[in-house]
Amino acid sequence: MTEQLIDSFGRVHNNLRISVTDRCNIRCFYCMPADDVVFMKRSALLSFEEIERFVRVATKLGVNKVRLTGGEPLVRRELDKLVAQIAAIPEILDVGLTTNGILLADQAEALYAAGLRRINISLDALDPVRFKEITRREGYEKVIEGIQAAQQVGFDPVKVNAVTIRGMTEDQVVPFGHFARETGAEIRFIEFMPLDADNAWERDKVLFAHEIIESLNREIMPLVPVGQQDKTAPATEFMFEDGVGRIGFIASVSRPFCESCNRFRLTADGKLRNCLFSLEETDVKTMIRDGGSDDEIAAAIRESVAAKKEGHEINTARFIQPDRPMYSIGG
Ligand code: SAM
Ligand code: SF4
């Protein structure tokens, strides 16, 4: 029987998120600094072979789900090759990707052919001007084209991640509700978390899930919970009561889901993190490059997961924001 990665709170970890780069073609204010970003050296990034080896070791510990992220994963050349390498590992049941969608129209077909089936595209506004305010770059139309291309090649469902920011995205909520109904894409509203490079997060800037639910109920029609939810999934899912349009909520601040967390992370420069908000990490890149054995890598994974804390402390005075912002961790 396959070993399981169980932490000291009994949580089983089968879900690995891998960042493939910290580079990005836009500059979302809640993630990256506006200018002068210091990126990792290319030689610091794990190669596809190194990532594949790590995943193979992790599968022996019960990992069967992988999601690729970044930075912007599609700026890493030939990402479809990595998808194919991971999808070919027999224990892997599911490979997903989170992308800003800007380069997706050109790559959707190759990614699908490589075995990718789950895709989340990030888009916080259905308005090019607001898009630019948030991302500090052009690209709105490209993202829309990326969403359409993903649907055309057969990704189903296509999920759209929208970070919710008070004072900035309230007026996007209802348009997103209609977008979900019209396109069949599932919108997942994500509460703004303290992982921005500028350290400007404040609780007052979080637009909470319950407020969004209230406005969709009022302005479109009541949302009803979708039955049979995956207890380890971070999103709570709803649909409009006429059955048309799915909406999910990742309420990391107002309703943390740490209790059922099944994830751990590998950064693009080969550091193992047991939580987005960890203040510690384990250097597996050096282990891999210095000739470490599979057993040594497996021991490092076990130890990291075993040391996982009960939950993040965003809602307490004890909270300390990690040194790495989101783009450098891998969201
Ligand atoms: N570049 C890709 C993208 O944007 O989809 C993948 C990496 S990005 C870090 C992954 C997800 O994290 C995106 O959906 C993004 O909106 C979200 N994210 C980034 N910073 C965040 C923050 N401070 N709070 C909440 N979500 C955040
Ligand atoms: Fe880039 Fe994604 Fe961060 Fe936006 S959220 S800056 S798209 S890595």
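The values are calculated or read from the model by the stated rules, or taken from the named source; none is laboratory data. Everything numeric in this text was worked out from a predicted model, so none of it was measured. Glycine also receives a Cβ, built like all others from the backbone with ideal geometry; neighbour counts cover every protein chain displayed. What goes into the accessible areas is simple: the full protein's heavy atoms, side chains included, and nothing from ligands, DNA or RNA. Shrake-Rupley method; radii C 1.70, N 1.55, O 1.52, S 1.80 Å.
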Loop GluC sites (Glu not before Pro), the stretch 181-251, which have at most 16 other Cβ atoms in a 10 Å radius of their Cβ (DSSP):
Glu202, Glu241
Along the positive direction of the dipole of the chain (beta-carbon charges: Lys, Arg +1; Asp, Glu -1; about the Cα centre), which of Thr286, Ala162, Phe9 reaches farthest?
Thr286
May I ask you to list the trypsin sites (Lys or Arg not before Pro) in the stretch 187-271 that are in a DSSP loop and have at most 15 other Cβ atoms within 10 Å of their Cβ?
Lys231
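For the stretch 138-280, what class follows from the C-alpha gyration tensor (a ≥ b ≥ c being the square roots of its eigenvalues): rounded when a/c is under 1.5, otherwise prolate if a/b is larger than b/c, else oblate? Intermediate values should be presented prior to the final figure.
Working: a/c = 1.45, a/b = 1.34, b/c = 1.08.
Cα axes put the stretch 138-280 in the rounded bin.
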Work through the residues other than Lys159 whose Cβ is under 11 Å from its Cβ and net out their charges, Lys, Arg +1 and Asp, Glu -1.
0
What percentage of the solvent-accessible surface of the stretch 5-329, computed with a 1.4 Å probe over protein heavy atoms, is contributed by carbon and sulfur atoms?
49
Take the stretch 28-130, drop everything but the C-alpha atoms, weight them equally and run the Debye formula without solvent; then report log10 I(q)/I(0) at 0.09, 0.10, 0.14, 0.21 Å⁻¹ to two decimals.
-0.27, -0.33, -0.63, -1.18
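Pull out the extension gain between Glu145 and Lys41, defined as 0.36 nm times the separation in residues minus the alpha carbon to alpha carbon distance; nm, one decimal.
Numbers: separation 104, 0.36 × 104 = 37.44 nm, distance 3.11 nm.
Extending this stretch completely gives an extra 34.3 nm.
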Value at 222 nm in deg cm²/dmol, rounded to 500, when DSSP H runs of n ≥ 4 in the chain each add -39,500 (n - 2.57)
-8500 deg cm²/dmol
So, in nm, how far is label Ser260 from label Gln229 when the simple model puts each one 7 Å beyond its Cα toward the Cβ?
0.7
Which FRET efficiency, nearest 0.05, do Ala298 and Ser8 yield, Cβ-Cβ r, R0 22 Å?
0.75
Before I look further, what does the stretch 5-329 give for accessible area per residue, probe 1.4 Å, in whole square angstrom?
44
Residue by residue, what Karplus-based ³J(HN,Hα) values in Hz, rounded to whole numbers, does the stretch 194-202 have, using 6.51, -1.76 and 1.60 with θ = phi - 60° and x for Gly and Pro?
x, 9, 7, 5, 8, 6, 9, 4, 9
Derived scalar couplings ³J(HN,Hα) [the stretch 231-238; Karplus, 6.51 cos²θ - 1.76 cosθ + 1.60; whole Hz; x for Gly, Pro]
5, 8, 6, x, 8, 9, 10, 10
Give me, ordered by chain and number, the residues 5 or more places off Arg67 or on other chains with an amide H under 5 Å from its own placed amide H.
Leu16, Arg17, Ile18, Gly96
Using DSSP to define loop residues, name the chymotrypsin sites (Phe, Trp or Tyr not before Pro) in the stretch 32-94 whose beta-carbon has at most 15 other beta-carbon atoms within 10 Å.
Phe39
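Expected output is a single nm value to one decimal: the length gained when fully extending between Arg203 and Ala34, i.e. 0.36 nm times separation in residues minus the C-alpha distance. What is it? Please report the intermediate quantities before stating the final value.
Numbers: separation 169, 0.36 × 169 = 60.84 nm, distance 2.14 nm.
Taking 0.36 nm per residue and subtracting the Cα distance, the gain is 58.7 nm.
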Table column - 3J(HN,Hα) (Hz), the stretch 116-122, Karplus curve with 6.51, -1.76, 1.60, x for Gly and Pro
6, 10, 9, 9, 10, 10, 8
Per the Kirkwood definition applied to all pairs of different Cα atoms, how many angstroms is the hydrodynamic radius of the stretch 5-329?
20.2
